[in-house]
1. What FRET efficiency do you get for residue 88 and residue 2 if R0 is 35 Å and r is their Cβ-Cβ distance, rounded to the nearest 0.05?
2. Mind ordering 219-227, 57-65 by average Cβ neighbours within 10 Å, highest first?
3. Just subtract the alpha-carbon distance of residue 152 and residue 229 from 0.36 nm times their residue separation and send over the number in nm, one decimal.
4. Taking R0 as 30 Å, what's the FRET efficiency between residue 27 and residue 213 from their Cβ-Cβ distance, rounded to 0.05?
5. Counting heavy atoms of the protein chains only and a 1.4 Å probe, report the per residue accessible area for the chain as a whole number of Å².
6. Where a ≥ b ≥ c are the square roots of the eigenvalues of the C-alpha gyration tensor, would you call the range 120-172 rounded, which needs a/c under 1.5, or, failing that, prolate if a/b is larger than b/c, or oblate?
7. From the phi angles alone, apply the Karplus equation (6.51, -1.76, 1.60; θ = phi - 60°) to the range 58-74 and give each ³J(HN,Hα) in whole Hz, x where the residue is Gly or Pro.
8. Would you mind calculating the gained length between residue 122 and residue 43 on full extension (0.36 nm times residue separation, minus the Cα-Cα distance), in nm to one decimal?
Amino acid sequence: MTDAELAAHLAECAGRILLEVRASGMIAGKALGKAGDETANQFLVHALRAQRPEDGLLSEESKDTMERLDKSRVWIVDPVDGTREYGEERTDWAVHVALAVDGRPEIAAVALPGLGEVLRTDQPCALPGAPEKLRMVVSRTRPAPEAVKVAEALDAELVPMGSAGAKAMSIIRGEADIYLHTGGQYEWDSCAPAAVAAAHGLHISRVDGSPLLYNQRDTYLPDLLICRKGHADAVFEALQAD
């Protein structure tokens, strides 16, 4: 398999495992989220170590080691992005499998198991046109003040949604136009969504316009902007306005 094929296959398989765990009816609520995280993580970690033993690996659900810092190629995974949504049997959660090369989000797949869909860097699809009234996807529980400010400046509609992966993919799926996040994230939250978004021709950056860099010693990566390239300048202007 190519790296992209591997990423998509692993994301899809992990998604199926997660759906089976949930459908078993043996676990519910927070315990279901924990069981899903641990089960999917074990599969992804073992599979990646078997298929790409020379590469580095960073997973939300595994103890981090500094060995990855010496690697050019590092797989960055989030077994369940949106654990709460997964545990609540919603569809707005995702599985992230990404490969960062020299710190750049190069290859990835984002599975949306609840929707039966996998979006990937090697199979970009045409983006739907932007509507007259833009839509900004935000946290369904804690919309960031900065996002609300930008939405008001652009007269954009707020679209509440769960996981970071689901939010980012909603732009590709034609459900939203801008994803601005300032509430704190880690590398595994955004690496796969950023790579897939970039492969589809979208703008990806930090909220100050600087590049998204991965496989850093500190994995905290608190903010990002994903949107159509034609909307990025307006978002930056709105962020800088008093």
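1. 0.50
2. 219-227, 57-65
3. 25.8 nm
4. 0.20
5. 45 Å²
6. Judged from the Cα gyration tensor, the range 120-172 comes out oblate (a/c at least 1.5, b/c at or above a/b).
7. Per residue, the Karplus-derived 3J(HN,Hα) values read 9, 10, 4, 9, 10, 5, 6, 10, 7, 4, 5, 5, 8, 9, 6, 10, 9 Hz.
8. Details: separation 79, 0.36 × 79 = 28.44 nm, distance 2.28 nm.
Gain on stretching residue 122 to residue 43: 26.2 nm.
The values are calculated or read from the model by the stated rules, or taken from the named source; none is laboratory data. Quick caveat, the model's predicted, so the values are computed rather than measured. Here the Cβ is made from the backbone with ideal geometry for all residues, glycine too, and neighbour counts use every protein chain on show. We work out accessible area using only protein heavy atoms, side chains counted, and drop any ligands, DNA or RNA first. Shrake-Rupley method; radii C 1.70, N 1.55, O 1.52, S 1.80 Å.
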